[in-house]
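Worksheet: the structure to be examined is printed underneath.
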Amino acid sequence: MKLTVLGCSGGIGSGRHTTCLMVDDDVLIDVGTGVTTLDFDALRRIDHVFLTHAHLDHILGLPLLLDSVGEQRDTPVTVHALPEVLAVLETHLFNWQLWPDFLKIPSPEAPWLRFEPLKHGQECVLGERRFHPVPVDHVVPACGYHLAARGGSLVFSGDTTRSEAFIAALNAIPDLRHLIIETSFENALADVARASRHHWPVSLAAEMASLQVRPKIWITHLKPGNEAAIMQELRTALPGWDIDALEQQQTVFL
Ligand SMILES: [Zn+2]
Ligand SMILES: [Zn+2]
């Protein structure tokens with residue numbers, strides 16, 4: 001399995017893109033502005049999308065993706081997400097007012113978009129790749145994803161703050177090789193992070209203290225302009241951990 005980072009920033013500007021990870025060439029995890037780095041043929045090959053939550057920085061490329069490739073495809077794009085997340089998309093996005101309802105276009109029998117609700121603990125198998133939603137704690141219903149492939153496991157947190165359920169899920173994955181986890185804010189903005197349920201370096205370090213596995217840590221969702229400062233605070237807070245900032249266009253193999 002090959003994971004390609006199309007976008008991993010907490011914002012935009014100077015080439016930064018928001019969250020979008022590509023698994024091989026047919027699956028996206030979140031559809032932030034990173035999706036715009038794909039050429040048209042690559043966009044057309046996307047069959048499955050897994051969403052962590054419905055916040056705009058994670059979904060804003062989805063309506064444009066469908067509009068761009070829909071009539072060039074023979075099958076709908078399948079969006080996998082928690083039922084609460086799909087309900088938000090149906091009510092507030094694909095409602096004809098903000099964007100057409102691609103669940104019914106060009107016809108309800110053969111639409112360009114279909115929804116596949118996920119439950120925690122439920123596995124979705126695509127070839128040799130297995131996707132499990134894992135619980136996290138954000139201001140809206142959200143999940144992370146555990147990707148299991150022949151070469152081991154990777155977990156992507158999406159947006160979250162401290163979560164005992166998330167750490168318990170990680171500790172139940174003995175072959176966890178990579179953990180992509182967010183740290184949005186520096187320690188001075190801990191109040192903002194707490195209110196918006198994100199991590200800051202001290203909170204991530206407290207979380208990692210309960211981890212019984214020892215994956216490589218990749219930091220994502222760093223706020224633009226503060227990346228270096230947050231990473232420096234993380235290295236101070238987490239001595240001895242193999243920790244780096246996730247980079248756009250980086251690949252991870254499993
Ligand atoms: Zn969010
Ligand atoms: Zn976000």
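At-a-glance table
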| quantity | calculated |
| --- | --- |
| Among (1) more than 15 Å from ligand 2 (Cβ to nearest atom); (2) closer than 27 Å to residue 149 by Cβ - the single one residue 21 does not satisfy | (1) |
| Pick from the stretch 35-54, criterion within 16 Å of ligand 1 (Cβ to nearest atom) and not hydroxyl-bearing (Ser, Thr, Tyr), ranking: farthest from residue 144 (Cα to Cα) | 54 |
| The stretch 15-68: number of residues that are free of Cβ contacts under 8 Å to residues at least 12 places away in the same chain and within 17 Å of residue 142 (Cα to Cα) | 1 |
| From 67, 41, 25, residue being farther than 21 Å from residue 224 by Cα and part of a loop (DSSP other than H, G, I, E, B) | 25 |
| Residues within the stretch 144-161 that are within 15 Å of ligand 1 (Cβ to nearest atom) and either among the charged types (D, E, K, R) or in contact with a helix residue (DSSP H, G or I) (Cβ under 8 Å, 6 or more places away or on another chain) (or both), tallied | 6 |
| Single residue of the stretch 30-54 satisfying the filter (surrounded by 18 or more Cβ atoms within 10 Å (Cβ to Cβ) and of a type in the set (Gly, Ala, Ser)) that is farthest from ligand 2 (Cβ to nearest atom) | 34 |
| Residues (of a type outside the set (Asp, Glu), under 22 Å from residue 152 (Cβ atoms) and modelled with pLDDT of 95 or more) located in the stretch 214-248 | 214, 215, 216, 217, 218, 219, 220, 238, 241, 243, 245, 246 |
| Tally of residues being under 29 Å from residue 36 (Cβ atoms) and either outside any loop (DSSP other than H, G, I, E, B) or in contact with a helix residue (DSSP H, G or I) (Cβ under 7 Å, 6 or more places away or on another chain) (or both) across the stretch 205-247 | 15 |
| In the stretch 99-123, the residues that are more than 20 Å from residue 45 (Cα to Cα) and more than 23 Å from the chain's Cα centre (by Cα) | 100, 101, 104, 107, 108, 109 |
| Of the criteria (1) more than 21 Å from residue 111 (Cβ to Cβ); (2) surrounded by fewer than 15 Cβ atoms within 10 Å (Cβ to Cβ), which one residue 18 fails | (2) |
| Filter result (outside any loop (DSSP other than H, G, I, E, B) and in contact with a Phe, Trp or Tyr (Cβ under 6 Å, 6 or more places away or on another chain)) within the stretch 70-92 | 70, 79, 80, 86 |
| Residues of the stretch 173-201 satisfying the condition of being farther than 16 Å from residue 216 by Cα, away from ligand 1 (no atom under 16 Å from the Cβ) and not in a helix (DSSP H, G or I) | 186 |
| Candidate set: the stretch 55-74, residues that are hydrophobic (A, V, I, L, M, F, W, C) and surrounded by fewer than 21 Cβ atoms within 10 Å (Cβ to Cβ); chosen: the one farthest from ligand 1 (Cβ to nearest atom) | 69 |
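Yes or no, residue by residue, for (1) away from ligand 2 (no atom under 16 Å from the Cβ); (2) hydroxyl-bearing (Ser, Thr, Tyr); (3) surrounded by 15 or more Cβ atoms within 10 Å (Cβ to Cβ):
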position: 96; (1), (2), (3): yes, no, no
position: 108; (1), (2), (3): yes, no, no
position: 112; (1), (2), (3): yes, no, yes
position: 136; (1), (2), (3): no, no, yes
position: 144; (1), (2), (3): no, no, yes
position: 150; (1), (2), (3): yes, no, no
position: 156; (1), (2), (3): no, no, yes
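The values are calculated or read from the model by the stated rules, or taken from the named source; none is laboratory data. This is a predicted model, so every value here is computed, not measured. Reconstructed Cβ throughout: ideal geometry from the backbone, glycine too, with neighbour counts over all protein chains shown.
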